[in-house]
Each structure stands twice: as structure tokens, then as C-alpha cells.
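Right, one structure below, let's go through it.
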Amino acid sequence: MQIRRFLDIGLRAEGYQVLLAASAAEGLTLAATQSPDLVILDLGLPDREGHEVLAELRQWSSVPVLMLSVRNAESEKVRALDNGANDYVTKPFGMQELMARLRALLRHHPATGTTDLPPRYDDGHLAIDLVRREVSLDGHEVALTRKEYAVLALLLRHAGRVVSQQQLLREVWGASHVQDTHYLRIVLGRLRQKLGDDPAAPRWLKTEPGVGYRFLEGTGELPPG
């Protein structure tokens, strides 16, 4: 792709080390395994929509993301920023403008060398691969709907902490659904059923009454009986 060659040459000329990905799948794998300091994400990818890739990346990493697109509508920019992008540049653009935005992002988001969350959780019973979007229980694949997976991944991203009902609804269903708590009850019920997780003695998905939900890390112990 011409834009990748253009960026590769320009960024290396400025002294940056560059990892190139030709697809969304390759890019997510590099982000998970190489811990880049910044991601430049084009909305026009050959295998997936750029907004979907951004949403998936944000389930396990807060690495700064600079979005590129030929779409200059305000709604597209707002959508990208709401989904977790840190900046948005419309094509065509000058290399100097891109470099200035890149330097600003790196100043405000100093490199840590690691992603927020390891891309795979495995306690010996439940395994969740955030890059491959795979969930398995005792070695058997668990088939989840998009919403079920999104809720589980978001809770895992904040493992050990309470995630409010409003945050879950806003990030998974959108801001217009923050009062639709019945959506959450249905999805959490299905998740627990598929994972064999008893709400009265939870292994992974704990309800905090009137507040939200918490992903319990650690033991992977099976309940007695």
C-alpha cells in the first residue's frame, strides 16, 4: 500500500523505528507482542473496518492511536475520538503536520514499554485471548456473541475493579443506552451460563449490587461439589 511506504520512509528519516502491518490481524498481533509507543491506524484496511480494530485494541491497551482517513466528515472524527483514538488526520496530509501531531501524542503519553493488560488471560480453567478474540473453558471453545465478548473483555480489562453499569452500557451499546440496564442483565446471565459461573458463588463474574460488575482474577478454583 502506497501510504505505508510513504509513512515508513518518512518516519525512519525522522529516526523512528517502524513496524509495518498489511492487515488488521497483523497490526493487532504486532501491538500485542511488540508493545509499540504509538499506533498509526488507517480506517481503510483490507480485512476489517478501522473503527472495529480501534475498539478491539482499546479492550486491552491504552497505547496512543493516531487515526488516518480520507473521510473528513465531522461525524467520522467524533466517532473515532469517542471510540478511543487520540488524534485524527485527514488524507491527504503533509509529513510535517503528521510529525507534529505524533510528537505531541508521545509527549502527553510517555512510553511505558508494555500494554495495560497482557493479551491473554489463563487461570487454568478460563482462557481469554484478546488478540484472537477466543474464549475457552477447560480447553473447550466457548462461542460468544459480539456483545457477550465485548462485556467480558471490558470487565477483564478492568480486572479486580468494579465497572459501573453505565460504563459498560456506554462502551458496549453506546451513550444512548446508559439506562438500559436490562441489556446487561441478559448478557451477564448468558455469559454466566456459558462459563458455568454461579452468581451466588462466582469464580469470574461478580455482581456489585446497584453499582456494576467485577471480573475476579486469580484462583481458577472450581466450587465444591
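Read-outs: derived from the displayed coordinates by stated rules, not from any lab. All values reported here derive from a predicted model rather than from experimental measurement. Positions of Cβ are generated from backbone atoms using ideal geometry, with glycine treated the same way; all protein chains shown enter the neighbour counts.
Here are a few things to note about the model shown:
- Other residues with beta-carbon under 15 Å from the beta-carbon of V172 carry, at +1 per Lys or Arg and -1 per Asp or Glu, a net charge of +2.
- The stretch 29-110: projected area of the alpha-carbon convex hull, averaged over directions, in nm²: 5.4
- When you filter the GluC sites (Glu not before Pro) in the stretch 1-95 for DSSP loop state and at most 15 other Cβ atoms inside 10 Å of their Cβ, you are left with E14.
- C-alpha long axis of helix 24-34 to longest principal axis of the chain, angle in °: 80
- Note on the chain: the alpha carbon radius of gyration divided by the globular reference 2.2 N^0.38 Å gives 1.12.
- Simple spin-label estimate for E26 and Q179 in nanometres, 7 Å along Cα-Cβ: 4.8
- Spatially close Lys pairs in the chain, defined by Cα atoms under 29 Å apart and a spacing of eight or more places or different chains, total 5.
- Sparsely packed loop sites in the stretch 131-225 (the GluC sites (Glu not before Pro) outside DSSP H, G, I, E and B with at most 13 other Cβ atoms within 10 Å) comprise E217, E221.
- Length released on extending from Q193 to K147, taking residue separation times 0.36 nm less the Cα-Cα span: 15.1 nm
- Projected label points at E134 and R103, each 7 Å from Cα along the beta carbon direction, are separated by 4.4 nanometres.
- Computed FRET value (nearest 0.05) for F93 with L19, which takes r as the C-beta separation and R₀ as 22 Å: 0.60
- When the chain is treated as a Gaussian network with alpha carbon springs shorter than 10 Å, the biggest mean-square fluctuation among A143, A32, A100 belongs to A100.
- Comparing V172, V135, V211 in a Gaussian network model of the chain, where Cα atoms under 10 Å apart are tied by springs, the biggest mean-square fluctuation is seen for V211.
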